[in-house]
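Read the structure below first, then the notes.
The values are calculated or read from the model by the stated rules, or taken from the named source; none is laboratory data. This structure is a prediction, so every number in the text was calculated from the model and none was measured. Every residue, glycine among them, receives a Cβ derived from its backbone with ideal geometry; neighbour counts consider all protein chains shown.
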Amino acid sequence: MTLQFGLRVPTVGAPADTAGYAAEVEAAGFDFMWTPDTPLLAGRWRDVYMHLGAAAERTERIRLGPGVTNPLTRHPLTTASAIATLDDASGGRADLVAGTGYSSAYIIGRKAATLADMREATALWRGLLGGQPTDPGGSETVIDRPNADLPILLAATGPRMLALAGGIADGVLIHVGAAPEAVAWALARVEAGMTAAGRAREEVRRIVVVTACIDDDRERAIEHMRPCAAGLCRHRHAGMFFPGIEIPARPADYVEPYPDLGHAVDWEAAKRATAYVPDAAVEACVALGSPDEVAERVQALAALDINAIWWRDEATWTRPDALMERLAAEVLPRFRAG
């Protein structure tokens with residue numbers, strides 16, 4: 001099985017800019033490009049489907065989708081309409097990737113979606129896209145041109161969401177950092193959900209989110225990526241993500257960067273705020289260092305029987321130029337069938 005690779009590309013600039021960039025991503029050899037869906041984050045991100053639709057016009061091969069959407073800021077019926085349209089526009093290359101909306105919910109004063117919300121939304125998407133008569137809550141709808149092969153993937157971090165994804169989704173986007181021990185723990189939860197649902201291995205794609213920084217100056221890379229580790233350190237299952245590493249509590253004078261730590265407009269401020277995070281935690285959850293070191297991490301993850309890696313850098317407000325170029329030139333070719 002050939003490992004596939006995707007890239008996270010934020011909705012910065014105009015849709016035409018994203019379209020041109022998508023063509024570059026495709027030419028660089030990536031298999032898919034997913035774009036975040038947090039509407040007007042810090043007043044800067046734009047509509048994901050306008051950007052993806054433009055990207056569909058400029059590409060021929062790569063798969064496209066929101067990375068990730070949620071059932072809160074868009075009603076699931078609205079998402080079904082948008083993703084079906086993207087699938088039509090791209091000739092069947094759309095992926096529906098959804099999560100609980102942790103970074104989107106607070107913008108509209110909501111808590112993240114519950115497991116019940118995710119199960120209900122997935123059932124609605126499955127029915128509508130498959131051409132089945134489906135009642136979104138008001139009247140029955142039957143899509144006229146079904147998109148039955150459009151995959152529904154669920155992003156997951158905690159054990160219950162991982163198991164749910166294994167039980168009902170076509171794939172799971174595993175967001176637990178890049179430590180092989182953490183990913184192995186997550187895969188075990190996915191497999192528990194698959195077993196409970198009576199599903200076979202080939203029914204569920206396993207995709208790992210890998211935050212990365214290719215820099216021959218390892219110390220500089222650690223310092224730059226520290227806020228990325230800090231975000232995972234907050235999770236209640238952080239002990240599973242950082243095996244054998246003690247994570248200190250946030251200092252009393254900690255100030256949350258705007259709009260939040262993971263999407264800080266001022267990255268230097270985020271680095272200062274997360275100075276308490278030990279180097280070992282950054283090295284555990286981020287693939288960083290030289291191309292050889294990053295490739296070694298990919299090899300360790302591939303050995304766990306995953307299907308793909310979705311690469312992202314730390315940036316929210318710029319495109320991942322440096323990461324894309326170095327991955328394409330120095331890492332991905334090592335894992336392509338010769």
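Is it true that some residue in segment 307-322 is buried (at least 19 other Cβ atoms within 10 Å of the Cβ), assigned to a helix (DSSP H, G or I) and modelled with pLDDT of 95 or more? No, segment 307-322 has no match at all.
Of all positions in segment 19-28, at least one carries a residue that is more than 24 Å from TRP125 (Cβ to Cβ), among the β-branched types (Val, Ile, Thr) and in contact (Cβ under 8 Å) with a residue 40 or more places away in the chain.
The rows are residues; the columns are (1) farther than 29 Å from LEU40 by Cα; (2) touching a residue at least 40 places away in the same chain (Cβ under 8 Å); (3) in contact with a Phe, Trp or Tyr (Cβ under 7 Å, 6 or more places away or on another chain).
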position: ARG206; (1), (2), (3): yes, yes, no
position: GLU219; (1), (2), (3): yes, no, no
position: PRO259; (1), (2), (3): no, yes, no
position: VAL265; (1), (2), (3): no, yes, yes
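Please go through segment 73-102 and give me each residue that is surrounded by 22 or more Cβ atoms within 10 Å (Cβ to Cβ), part of a helix (DSSP H, G or I) and in contact (Cβ under 8 Å) with a residue 60 or more places away in the chain, ordered by number. Within segment 73-102, PRO76, ALA80, ILE83, ASP87 qualify. For segment 5-14, enumerate the residues that are surrounded by 19 or more Cβ atoms within 10 Å (Cβ to Cβ) and either part of a loop (DSSP other than H, G, I, E, B) or not small (Gly, Ala, Ser) (or both). Within segment 5-14, PHE5, LEU7, ARG8, VAL9, PRO10, THR11 meet the criteria.
Scanning segment 319-333 for any residue that is of a type in the set (D, E, K, R), in contact with a Ser or Thr (Cβ under 9 Å, 6 or more places away or on another chain) and either within 18 Å of ALA229 (Cα to Cα) or without any contact (Cβ under 8 Å) to a residue 12 or more places away in the chain (or both) turns up nothing. Checking each residue of segment 20-31 against the condition of being within 22 Å of ALA264 (Cβ to Cβ) and not in a loop (DSSP other than H, G, I, E, B) gives no match. Note on segment 165-181: among residues that are of a type in the set (A, V, I, L, M, F, W, C) and crowded, with 23+ Cβ neighbours inside 10 Å, the one that is nearest to ALA212 (Cα to Cα) is ALA178. I'd like to check something: does segment 267-278 contain any residue that is within 23 Å of ARG326 (Cα to Cα) and touching a strand residue (DSSP E or B) at 6+ places or on another chain (Cβ under 6 Å)? No, every residue in segment 267-278 fails to be within 23 Å of ARG326 (Cα to Cα) and touching a strand residue (DSSP E or B) at 6+ places or on another chain (Cβ under 6 Å). Within the bounds of segment 176-188, is there any residue that is among the charged types (D, E, K, R) and farther than 29 Å from GLY289 by Cβ? Checked against the condition, which is being among the charged types (D, E, K, R) and farther than 29 Å from GLY289 by Cβ, segment 176-188 yields no hits at all. In segment 254-273, the residue that is modelled with the highest pLDDT out of those that are charged (D, E, K, R) and in a loop (DSSP other than H, G, I, E, B) is ASP266.
Being surrounded by fewer than 20 Cβ atoms within 10 Å (Cβ to Cβ), touching a Pro at 6+ places or on another chain (Cβ under 9 Å) and at pLDDT below 95 is true of GLU140.
Checking the structure you have, find out if any residue of segment 291-304 is part of a loop (DSSP other than H, G, I, E, B) and either touching a His at 6+ places or on another chain (Cβ under 9 Å) or not charged (D, E, K, R) (or both). Yes; the residues of segment 291-304 include at least one that is part of a loop (DSSP other than H, G, I, E, B) and either touching a His at 6+ places or on another chain (Cβ under 9 Å) or not charged (D, E, K, R) (or both).
Checking each residue of segment 251-265 against the condition of being under 30 Å from GLU202 (Cα atoms) and under 19 Å from the mean Cα position of the chain (by Cα) gives no match. Being buried (at least 24 other Cβ atoms within 10 Å of the Cβ), in contact (Cβ under 8 Å) with a residue 40 or more places away in the chain and within 27 Å of PHE335 (Cα to Cα) is not true of PRO66.
Residue count for segment 215-247 under the criterion of being touching a helix residue (DSSP H, G or I) at 6+ places or on another chain (Cβ under 6 Å) and surrounded by fewer than 15 Cβ atoms within 10 Å (Cβ to Cβ): the result is 1. Residues that are surrounded by fewer than 17 Cβ atoms within 10 Å (Cβ to Cβ) and touching a helix residue (DSSP H, G or I) at 6+ places or on another chain (Cβ under 9 Å) within segment 25-43 comprise ALA27, ALA28, GLY29, PRO39, LEU40, ALA42, listed in sequence order.
Can you confirm whether segment 40-54 contains a residue that is out of contact with any Gly (no Cβ under 8 Å at 6 or more places or on another chain), more than 26 Å from ALA264 (Cβ to Cβ) and part of a helix (DSSP H, G or I)? Yes, the conditions are met somewhere in segment 40-54.
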